[in-house]
Ligand code: ATP
Ligand code: MG
């Protein structure tokens, strides 16, 4: 029955995958904390207006990807498709603009109505970071460095490439916009229907088009660099020099855009060709106009987000399965002692597996299946003398340990 299937584009995260998600999220949080970022969480749904205002009417997300509904009180609500808009909303509603600069890290589920395929889901997960209140290019360098170190800490070797570009300041963008309108208007009828719409609303976004018929036109489009004024060039130079100082390899891709009006200066993406069309793993940029666009103060911002599922496909060293210690009562007479001993050992911080039924050999089999590192046998005449028998399941060696010093003896199995 269809209702008993997960909704298309969503999936259950079983322990193996969850361990991987946790490794990725924790690594991100840990590396971000070295830069002074603190973890936050905004609600999973917001008023639809929050996303409409920040992402703009012409973005793919707003035009076709949002999960929106009216709640019982008649409010228009949207499941968050990305994290930055919620952070900007939080900055305004929480009066946080008094405390700049701010550095926030986040992770969690995002929702987009997209065509599901490998690396593209309707509920997916992101980790991300936002640096608010710094207008200097040093912030852009720091954010790219943070992204690079997160990927390094995950030991992703999948030939990741960093591409960067600049969208310049407002004046430069306006000049480039004019040039693009002029160029694409000549070929209007050859553009995809979507790009024809973009031409009227936000021509920069045409450069981001994935439609085949647009590709060759895009290749011959005028280059942004010709329209950058001195200030914009200088800003970009400082960012590039910063990356060189840190030996972070990059290439400049003039077609890389974030096509929204309030994005400015730096845009960047870490990509791989190992995930087909879903090759972008971490993407971000500077969004100086965003908070103001929402109705807040003029606050600079730089941020990025990375897809946890896509990162997960590239992490080669999967997290290890934690190995328990099994407690095995020799006969059911010792069940109570087993529960009590398990409780005490868990209280001391050890991971203890207690099978609930079966004879000794069944329980031992289960312990091996869980790749337990040791088994504690409770029963027999050792028991009467106040001892338990502890077997190391890797070496097979076995020894008698006084019940009172079990915790000390098992210390060697602590992670
Ligand atoms: P794409 O070009 O692949 O659609 P995007 O430009 O829409 O990506 P962003 O909005 O910049 O992506 O989101 C940042 C990251 O989140 C992406 O680089 C990707 O790793 C991940 N991501 C975005 N959409 C999805 C999705 N539907 N499923 C899984 N991961 C996603
Ligand atoms: Mg997308």
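Return yes or no: is residue 108 within 13 Å of ligand 1 (Cβ to nearest atom), out of contact with any helix residue (DSSP H, G or I) (no Cβ under 6 Å at 6 or more places or on another chain), on the phi > 0 side of the Ramachandran plot and in contact (Cβ under 8 Å) with a residue 40 or more places away in the chain?
For residue 108, the condition - within 13 Å of ligand 1 (Cβ to nearest atom), out of contact with any helix residue (DSSP H, G or I) (no Cβ under 6 Å at 6 or more places or on another chain), on the phi > 0 side of the Ramachandran plot and in contact (Cβ under 8 Å) with a residue 40 or more places away in the chain - is met.
Restricting to segment 1-45, what's the tally of residues that are assigned to a strand (DSSP E or B) and loosely packed, with under 15 Cβ neighbours inside 10 Å? Write out each step before concluding.
First pass over segment 1-45, keeping only residues assigned to a strand (DSSP E or B): 38-39, 45.
With loosely packed, with under 15 Cβ neighbours inside 10 Å added as a condition, the list becomes 38.
The number of residues fulfilling the criteria is 1.
Taking the options 276, 284, name whichever one is assigned to a strand (DSSP E or B), within 14 Å of ligand 1 (Cβ to nearest atom) and either in the same structural domain as residue 52 (by TED's automatic domain parsing) or more than 12 Å from the chain's Cα centre (by Cα) (or both).
None of the others qualify; the one that does is 284.
Can you pull out the residues in segment 293-322 that are surrounded by fewer than 17 Cβ atoms within 10 Å (Cβ to Cβ) and over 26 Å from the mean Cα position of the chain (by Cα)?
Within segment 293-322, 295, 297, 298 qualify.
Among 179, 221, which is assigned to a loop (DSSP other than H, G, I, E, B), over 27 Å from residue 138 (Cα atoms) and more than 31 Å from the chain's Cα centre (by Cα)?
Of 179, 221, the one residue that is assigned to a loop (DSSP other than H, G, I, E, B), over 27 Å from residue 138 (Cα atoms) and more than 31 Å from the chain's Cα centre (by Cα) is 221.
Select from segment 375-385 the residues that are surrounded by 13 or more Cβ atoms within 10 Å (Cβ to Cβ) and outside any helix (DSSP H, G or I) and write down the one among them that is nearest to the chain's Cα centre (by Cα).
So in segment 375-385, the residues surrounded by 13 or more Cβ atoms within 10 Å (Cβ to Cβ) come out as 375-380, 382-383.
Retained after the next criterion (residues that are outside any helix (DSSP H, G or I)): 375-379.
Values: 375: 38, 376: 40, 377: 44, 378: 45, 379: 49 Å.
So, considering only residues that are surrounded by 13 or more Cβ atoms within 10 Å (Cβ to Cβ) and outside any helix (DSSP H, G or I), the one nearest to the chain's Cα centre (by Cα) is 375.
If I filter segment 310-352 down to residues being touching a helix residue (DSSP H, G or I) at 6+ places or on another chain (Cβ under 8 Å) and within 30 Å of residue 266 (Cα to Cα), which single residue comes out as nearest to ligand 1 (Cβ to nearest atom)?
Here the answer is 311.
Condition check: outside any loop (DSSP other than H, G, I, E, B), surrounded by fewer than 22 Cβ atoms within 10 Å (Cβ to Cβ) and at pLDDT 95 or above. Does residue 249 satisfy that?
no
Hey, among 326, 297, which residue is farther than 30 Å from residue 412 by Cβ and either modelled with pLDDT of 90 or more or touching a strand residue (DSSP E or B) at 6+ places or on another chain (Cβ under 8 Å) (or both)?
Only one candidate passes the filter, namely 297.
Pick from 113, 121: which is touching a helix residue (DSSP H, G or I) at 6+ places or on another chain (Cβ under 6 Å) and within 16 Å of ligand 2 (Cβ to nearest atom)?
Values: 121 fails: touching a helix residue (DSSP H, G or I) at 6+ places or on another chain (Cβ under 6 Å).
Only one candidate qualifies: 113.
Among the listed residues 109, 116, 101, identify the single one that is within 13 Å of the chain's Cα centre (by Cα) and surrounded by fewer than 18 Cβ atoms within 10 Å (Cβ to Cβ).
Of 109, 116, 101, the one residue that is within 13 Å of the chain's Cα centre (by Cα) and surrounded by fewer than 18 Cβ atoms within 10 Å (Cβ to Cβ) is 109.
Restrict the check to segment 267-275 and report whether at least one residue is more than 16 Å from ligand 2 (Cβ to nearest atom), touching a residue at least 40 places away in the same chain (Cβ under 8 Å) and surrounded by fewer than 14 Cβ atoms within 10 Å (Cβ to Cβ).
Yes, the conditions are met somewhere in segment 267-275.
Going by the conditions given, is residue 157 out of contact with any strand residue (DSSP E or B) (no Cβ under 9 Å at 6 or more places or on another chain) and assigned to a loop (DSSP other than H, G, I, E, B)?
yes
Among the residues of segment 85-97, is there at least one that is over 22 Å from residue 295 (Cβ atoms), within 16 Å of ligand 1 (Cβ to nearest atom) and in contact with a strand residue (DSSP E or B) (Cβ under 7 Å, 6 or more places away or on another chain)?
No, the conditions are met nowhere in segment 85-97.
Just to check your reading of the model, which residue among 367, 388, 372 is part of a loop (DSSP other than H, G, I, E, B), buried (at least 17 other Cβ atoms within 10 Å of the Cβ) and in contact (Cβ under 8 Å) with a residue 12 or more places away in the chain?
Of 367, 388, 372, the one residue that is part of a loop (DSSP other than H, G, I, E, B), buried (at least 17 other Cβ atoms within 10 Å of the Cβ) and in contact (Cβ under 8 Å) with a residue 12 or more places away in the chain is 372.
Those residues that are surrounded by 18 or more Cβ atoms within 10 Å (Cβ to Cβ) and not in a helix (DSSP H, G or I), I need them from segment 47-63; list them, please.
The answer is 56, 58, 59.
Looking at segment 112-133, which of its residues are under 22 Å from residue 285 (Cβ atoms) and more than 9 Å from ligand 1 (Cβ to nearest atom)?
We begin by selecting, within segment 112-133, every residue under 22 Å from residue 285 (Cβ atoms); these are 112, 114, 119-120, 124-133.
Matches in segment 112-133: 127, 129, 130, 131, 132, 133.
Could you please tell me which pairs satisfy a Cβ distance under 7 Å, a separation of 6+ or placement on different chains, a first residue in segment 51-62 that is over 13 Å from residue 78 (Cβ atoms), and a second residue that is away from ligand 2 (no atom under 16 Å from the Cβ)?
56/261; 57/201; 58/201
May I ask you to list the residues in segment 67-84 that are away from ligand 1 (no atom under 12 Å from the Cβ) and surrounded by 19 or more Cβ atoms within 10 Å (Cβ to Cβ)?
Listed by number, the residues that qualify are 78, 79.
Please work out if residue 295 is in contact (Cβ under 8 Å) with a residue 24 or more places away in the chain and part of a loop (DSSP other than H, G, I, E, B).
Yes; evaluated as a whole, the condition is true for this residue.
The values are calculated or read from the model by the stated rules, or taken from the named source; none is laboratory data. Since the model is a prediction, treat every value here as computed from it, not as a measurement. Using ideal geometry, Cβ is built from the backbone for each residue, glycine included, and neighbour counts are taken over all protein chains shown.
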